[in-house]
Amino acid sequence: MGEPALCNHQHVVPRALPEFTDHPEDTKNHRFQTPITPPEQVRLFLQRQSAVHGRRAPRVLDVGCGRGDTVAWLRARGWDAYGVDVDADYVERGRAHLAGAADDPSRLQVVRDDLSFPFEDGFFDIVLSDQVIEHVANLNALAAEVSRVSGPASRGLHIYPARWYPVEPHLKTPFTHWLPKGPLRRTAEAACLRTGLAAPYFTEYSLAERAQIYSTYSEEHTFYRSVKSTIAVMQRHGLVCDAREASKDRVALRAPAVRGPALAALGWMCRHLHSVALYTVKPGS
């Protein structure tokens, strides 16, 4: 007798899919050799705060520090800098870099299981976050911790993508993040992948698998909010917020000749259609 025929209904175990953040362009996955320089607005903000504090180096916290590029960059320039992140692998990569630079690896810490930061109340003069707020599901918990670890009269700068930016900044898919999470958004993301209107990652996988990778990230790790709603949460925890001045400063860095009403108009467009910059202050003497 010949070999038995294969059953058409054999169970095929689906292969494990990577996380979207495993893609090769995510620098947090790269070997940490030289710290990436912070964005220009972050550097300008820190320069202003340094002038306010005079000879004493302000104590800085980078929230969502990843592997600690900004912390390492600041430490190399004499700043009293710390970082915290939810991803232990990123933090370990940064700690190894700091240790190799004869610096203190404990400057980088992992967020606790209850979402709190492992720092004392009022410990920091400056709190930063860059491309973090759009990944935070529980913004209330984040705002509470930012407020708790901020000392009296401390300052903050938080930069994140605008709710109505036309292209989702991670997946590179146009307009999909405007849609509610669920079948409609997943269908739109799959259509973008099919037509090449998406970041060209994981091309070794099938279209259905890529769509799964992208949609899982979109639904579980992105949370786009209006500027007004973000400010409302921050204010609930005692932080005074100013998106207008921060947005004008952001525009002025790219278009220094713009002044007056034109600067205000471009600032509005920037924070609603491109990138939000938000200044915060913890009141106190």
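The values are calculated or read from the model by the stated rules, or taken from the named source; none is laboratory data. Since this is a predicted model, take the numbers as computed values, not measurements. Note: ideal-geometry Cβ built from the backbone for every residue, glycine included; neighbour counts use all protein chains shown.
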What are the residues in the range 160-193 that are under 24 Å from PRO38 (Cα atoms), in a loop (DSSP other than H, G, I, E, B) and in contact with a His (Cβ under 9 Å, 6 or more places away or on another chain), if any? ALA162, ARG163, TYR165, GLU168, PRO169, HIS170, LEU171
Here are the criteria: (1) surrounded by fewer than 20 Cβ atoms within 10 Å (Cβ to Cβ); (2) touching a residue at least 24 places away in the same chain (Cβ under 8 Å); (3) more than 19 Å from the chain's Cα centre (by Cα); (4) assigned to a helix (DSSP H, G or I). Tell me which single one HIS97 does not satisfy. (1)
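One line per residue, one yes/no per condition, for (1) in contact with an Asp or Glu (Cβ under 9 Å, 6 or more places away or on another chain); (2) assigned by TED's automatic domain parsing to the domain that holds SER154; (3) not in a helix (DSSP H, G or I):
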| residue | (1), (2), (3) |
| --- | --- |
| GLN41 | yes, yes, no |
| GLN47 | no, yes, no |
| ALA51 | no, yes, no |
| VAL60 | yes, yes, yes |
| VAL71 | yes, yes, no |
| LEU74 | yes, yes, no |
| GLU92 | no, yes, no |
In the set TYR165, TYR205, the lone residue that is aromatic (Phe, Trp, Tyr), touching a residue at least 24 places away in the same chain (Cβ under 8 Å) and within 29 Å of ARG236 (Cα to Cα) is TYR165
Within the range 169-186, track down each residue that is without any contact (Cβ under 8 Å) to a residue 40 or more places away in the chain and surrounded by 14 or more Cβ atoms within 10 Å (Cβ to Cβ). PRO169, LYS172, PRO174, PHE175, TRP178, LEU179, LYS181, ARG185, ARG186
I need the full set of residues from the range 245-263 which are free of Cβ contacts under 8 Å to residues at least 60 places away in the same chain, in a helix (DSSP H, G or I) and surrounded by 16 or more Cβ atoms within 10 Å (Cβ to Cβ), in order please. SER247, LYS248, VAL251, ALA252, LEU263
